[in-house]
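S.K.: Please see the structure below; I have some questions.
All of the numbers you see were taken from the coordinates with simple rules; none came from a lab. Please read all numbers here as calculations on a predicted model, not as lab measurements. Positions of Cβ are backbone-derived with ideal geometry, glycine not excepted, and every protein chain shown enters the neighbour counts.
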Amino acid sequence: MCGIVGGVVQNNLVAILMEGLGRLEYRGYDSAGLAVLNKQGIRCKRVLGKVKALRELLETEPVSGNTGIAHTRWATHGKPSTANAHPHICRNKVAVVHNGIIENHEQLRKQQLENGHQFLSQTDTEVIVHEIFDAMKTSGGLLSAVMQTVKKLEGTYALGVMSSDEPGSLVACRKDSPLVIGIGNEGYFIASDVAALLQVTQRFVFLEDGDVAAITKDKLVIYDVNEHEVVRTVKESLLTADFFDKSGYPHYMLKEIYEQPFAILRTLEDRFINNRLQDSAFGENAAAIFNYIKAVQILACGTSHHAGLVARHWFEKLARVPCDIEVASEFRYRNPVLAADTLIVVISQSGETADTLAALQEAKKLGAKYSLAICNVPESSLVREADLVLMTRAGPEIGVASTKAFTTQLTALMLLVIAVGKRFHLSEEKAHNLTAQLFNLPGNIKKILQLNNEIKALSEQFSQKQHALFLGRGSHYPIAMEGALKLKEISYIHAEAYPAGELKHGPLALIDADMPIVTIAPNNSLLEKLKSNMQEVSARGGQLIIFTDESLDTIADGNVQVVKIPQVDNDISPIVYTIPLQLLSYHVAVLKGTDVDQPRNLAKSVTVE
Ligand code: G6P
C-alpha cells in the first residue's frame, strides 16, 4: 500500500512533507522516510516505525530543501526495517519513493547486479532507482529516464523521483496505484491522496494510468502513456484540513463511530424529490441501466464485503432481485459465468482496493455490461471505472477499522435496493416505508450511542479472553461477521462469526466458561429459533452477551447478559445493531492497550493484491 508525498517549492519543504505523511499513515505505518534536495545534494532520513519516529529524528538531525519526496510504508517485499524504508537512493544521484509492487523485480535485480549495482534493501522498489540511474546516462535527463524505466516495469506503481543532477524538479508517474498532483500557491506537489496536501491546496489534477508528470515550482507538464503532452482537468476538493483532527475524541475510531448519524444523513441528502428516490442519484444513465438489468452481482473486500452480504438479503427478500456476492479476490480468479444483464455492484470505502478493482475489470471481461460503484472517495479509481456511482458521504475515515464507511455503505445499498427493486417486486408502499426507515436511522443511532457506558462496562469481560464467538441469523449474520472482524482487527482477540443455526455442526464443541458468545437477537421471525440456539449455549456454560430489543427472560441466568437496543423496523435493524458491536470492540481494544486507530500489520487502503 504505502503513502507517498512530494513537491517543489521556493523555500523549505520539510514541514509540508511531514504534515502530508501524517495524513497518509492510514496507508501503512511500518516505516517512514524522506529525502530532500539542497545545495549539498540529496539528504535522506529514514526510520523503522511511524511518522512520529521520523518527526523525532528530524528534531535532532534536521534537514531542509526545496525539492523533496517522503514515504510511509506497508511492508510487502522485505520486512519492516530502516534499510527497507523509502526513499531508496542510487549513488547519491537518484531518489525514489514508490507505492505498488514491481512484479519483475527479481529479473531486473539480476541484470543490475551483473551491471555492478549494489543492493542495500530487500525491496522490489530498489530496482527502480538503479534502472533510472542507468537510464540517465543515455537519456538526456530525469524525465526521459523515468519514461524509459517505466516501460521495463511490470506490476503497479505510483512513483516520486528526483535527482541531484536536476535540482528544483520532480518526476511523478502512476500505473494502477493512485497519485494526485496538488497545485499550490507556492509550488506543485504530488501525493497518494488529496488528504496529504490539504494544508497547501484544494486544487488537484488526478493523474491517469500511464501518465508521467514533470514538476518544478512553477510548472507542471503531463505526458500520457504515449508520451504526448496532455492537459488534465483541475478539480477542486471540498475537503479541508479540519476533517483530519480528532475533535477532542481520544481516537479517530471513536470520533467516526459518533459521526455516523450525520454521515448517514449526508448519504441520504439530495437523493429524493417529493419523497421519491431519483434514479439520477446513481448517474445519468441509471434509469435505462436499471430497466435493463435482471440480476445483481456484488464484489467487495473486508468490511465492504460484509455490507454486500446484508444487501443480498435485502435485494432478494424485499425486492426479489436475484443477487449474488463474492469476495473480490476470489471472484477475479474463478472464471465465473456472468450474464450481460447482471449489474456489477462494487463496494469500497477507498475505491482503490486492488482486488475490487481487478474483479470489476474481470466482470467486464466476462461480459457484464454495466457496473455501479458504492464508494466514499470521489475521484478514486473505482469511481472512475464504474458506469454508475453512488457516493457514501461519510467524510474521510482515518481509523483503519471501518465504522462510518460501513453504515453509510449499508444506507447507500438500501437506496439501491429501492431504486432497482421498484423494477422488480418492491411495491411503491414498501419503498416509502423503507425510505422512512432510512430517515429514522440517525435518530435511532443517536439513542444507541447513549448505551456507550453500558457497553464499556461489558468490555471488561473480554480483556482477558483469547477467543470470542459472534452469532446472528439472516441479515444479522453478516453483522455478526462484522462484529467479529472489528474485535479481531483492533483487539487481536480471535473472533469468529457463525450463523446461529450452524452451532451444533461444530462450534458448540468450543463452548466453555472462557468463551464469550455475542449474539445479535432482534425481535424478528428468526428470534424463536435463535432462542433455542442460545439455550444450547447457556446449557453448556457459555457466557452469552445478547443484543436484543426483546425481553429474553427465558434464558436469563448468571451466564447471560442482555443489552437492550431500542426497537427499530426489522429491515433496517442490521445497520442499527452494528453500532453496539463497534463500541464493544473499541472499548475492548482500549482496555487491552492496543493501537486502536493503527492496528498492527494492517492498513486502511489495500492497493496491492
Ligand atoms: C482493508 C481495511 C478494511 C476494509 C478493506 C476493504 O482491509 O482495513 O477496513 O474494509 O480493506 O477496503 P475498501 O476501501 O475497498 O472498502
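S.K.: With 18 Å as the limit, write out which pairs from LYS488/LYS604; LYS246/LYS592; LYS79/LYS592; LYS404/LYS604; LYS246/LYS465 have Cα-Cα distances beyond it, or answer none.
M.R.: On the way: LYS488/LYS604 15 Å; LYS246/LYS592 21 Å; LYS79/LYS592 26 Å; LYS404/LYS604 14 Å; LYS246/LYS465 30 Å.
Beyond 18 Å: LYS246/LYS592; LYS79/LYS592; LYS246/LYS465.
S.K.: Here is a further query. List every residue whose amide H lies under 5 Å from the amide H of ASN38, counting only residues 5 or more places away in sequence or on a different chain, with H placed 1.01 Å from N in the peptide plane.
M.R.: Close amide H contacts, sequence-distant or interchain: ARG43.
S.K.: Shifting gears a bit: Cα atoms only, region 1-73: Rg and Dmax in Å?
M.R.: Both quantities, over Cα of region 1-73: 11.1, 33 Å.
S.K.: To the nearest 0.05, what FRET efficiency results for LYS430 and LEU239 with a Förster distance of 30 Å applied to their C-beta separation?
M.R.: 0.25
S.K.: Work out from phi, with θ = phi - 60° and the Karplus expression 6.51 cos²θ - 1.76 cosθ + 1.60, the ³J(HN,Hα) of each residue of region 46-60, listed in order in whole Hz, and give x for Gly and Pro.
M.R.: Each residue of region 46-60 in turn: 9, 9, 7, x, 8, 4, 4, 5, 5, 4, 5, 4, 5, 5, 8 Hz.
S.K.: In region 577-609, which residues have a backbone nitrogen under 12 Å from the label point lying 7 Å from LYS246's Cα in the Cα-to-Cβ direction?
M.R.: Under 12 Å, as judged by backbone N against the label point of LYS246, lie 595-598 of region 577-609.
S.K.: If you stretched the chain out fully between VAL221 and LYS79, how much longer would it get, using 0.36 nm times the residue separation minus the C-alpha to C-alpha distance? The partial results should precede the final answer.
M.R.: Numbers: separation 142, 0.36 × 142 = 51.12 nm, distance 3.62 nm.
Result for the pair: 47.5 nm of gain on full extension.
S.K.: List the residues whose amide H sits under 5 Å from the amide H of VAL562, counting only those 5 or more places along or on another chain, with H placed 1.01 Å from N in the peptide plane.
M.R.: Distant-sequence amide H within range of VAL562: ILE546.
S.K.: For LYS219, give me every one of the lysines with a C-alpha distance below 19 angstrom, ignoring sequence neighbours fewer than eight places off in its own chain.
M.R.: Output for LYS219: LYS235.
S.K.: How long is the gain from GLU385 to HIS228 if the chain were fully straight, where each residue apart is worth 0.36 nm and the alpha carbon distance is subtracted?
M.R.: Going from the current span to full extension adds 54.3 nm.
S.K.: Taking Cα atoms, how many degrees apart are the long axis of helix 105-114 and the longest axis of the chain, rounded to 10 and kept between 0 and 90?
M.R.: Taking the Cα atoms of the chain, the angle to 105-114 is about 20 degrees.
S.K.: Here's a follow-up. Run through region 205-252 and list the GluC sites (Glu not before Pro) located in a DSSP loop whose Cβ has at most 14 other Cβ atoms within 10 Å.
M.R.: Details: sites: GLU208, GLU227, GLU229, GLU236; in loops: GLU208, GLU227.
In loop regions of region 205-252 (DSSP not H, G, I, E or B), the sparsely surrounded GluC sites (Glu not before Pro) are GLU227.
S.K.: With unit charges on the beta carbon (Lys/Arg positive, Asp/Glu negative), name the residue among ALA495, TRP314, VAL161 whose Cα is farthest towards the positive pole of the charge dipole of the chain.
M.R.: Working it through, the farthest residue towards the positive pole turns out to be VAL161.
S.K.: Oh, and also: Around ALA495, which amide H atoms from residues at least 5 apart in sequence, or from another chain, sit under 5 Å from its own amide H, with H modelled in the peptide plane?
M.R.: The answer is ALA468, LYS488.
S.K.: Right, here's the next one. If the only charges are +1 at each Lys and Arg Cβ and -1 at each Asp and Glu Cβ, what is the size of the charge dipole of the chain around the Cα centre, to the nearest 20 debye?
M.R.: So the magnitude is around 280 debye.
S.K.: Can you give me the angle between helix 126-139 and the longest principal axis of the chain, using Cα atoms only, in degrees from 0 to 90, rounded to the nearest 10?
M.R.: It works out to around 30 degrees.
S.K.: Do you know the relative contact order of the chain, to the nearest whole percent, from alpha carbon pairs under 8 angstrom that are 6+ apart?
M.R.: Relative contact order comes out at 12 percent.
S.K.: What ³J(HN,Hα) values, in whole Hz, does the Karplus curve 6.51 cos²θ - 1.76 cosθ + 1.60 give for region 359-370 when θ = phi - 60°, with x put for Gly and Pro?
M.R.: Once θ is set to phi - 60°, the couplings for region 359-370 become 5, 5, 4, 5, 4, 5, 4, 6, x, 5, 7, 10 Hz.
S.K.: Right, here's the next one. Report the FRET efficiency, 1/(1 + (r/R0)^6), for LYS365 and PHE119, where r is their Cβ-Cβ distance and R0 is 30 Å, rounded to 0.05.
M.R.: Rounded to the nearest 0.05, the efficiency is 0.20.
S.K.: Can you work out the Karplus-derived ³J(HN,Hα) for every residue in region 471-481? Use 6.51 cos²θ - 1.76 cosθ + 1.60 with θ = phi - 60°, whole Hz, and x for glycine or proline.
M.R.: 10, x, 9, x, 5, 8, 5, x, 6, 4, 4
S.K.: Let me ask something additional. Less than 27 Å apart at the alpha-carbon level, and either on another chain or at least 8 residues along: which lysines does that give for LYS529?
M.R.: LYS317, LYS430, LYS486, LYS504, LYS564
S.K.: Now, a different point. Which loop-located trypsin sites (Lys or Arg not before Pro) does region 150-238 contain, where loop means any DSSP state but H, G, I, E or B and the Cβ has at most 15 other Cβ atoms within 10 Å?
M.R.: For trypsin sites (Lys or Arg not before Pro) across region 150-238 that sit outside H, G, I, E and B with at most 15 neighbouring Cβ atoms in 10 Å, the list reads LYS151, LYS152.
S.K.: Name the residue farthest towards the positive end of the dipole of the chain from the options GLY141, LEU179, ILE344, assuming +1 on Cβ of Lys and Arg, -1 on Cβ of Asp and Glu, about the Cα centre.
M.R.: GLY141
S.K.: Another one. Add +1 for every Lys or Arg and -1 for every Asp or Glu among the other residues with Cβ under 11 Å from the Cβ of LEU510, and state the total.
M.R.: Neighbour charge sum, excluding LEU510 itself: -2.
S.K.: Percent of Cα-Cα pairs per 10 Å bin, from 0 to the last occupied bin, for the chain, please list those.
M.R.: Result returned by the calculation: 3, 17, 25, 24, 18, 10, 3, 0, 0.
S.K.: Cβ under 14 Å from PHE315's Cβ, PHE315 left aside: what net charge do those residues give with Lys, Arg +1 and Asp, Glu -1?
M.R.: Here the count lands on +4.
S.K.: Toward the positive end of the charge dipole of the chain, about the Cα centre and with charges on Cβ (Lys, Arg +1; Asp, Glu -1), which of GLN409, ILE128, PRO574 goes farthest?
M.R.: Working it through, the farthest residue towards the positive pole turns out to be ILE128.
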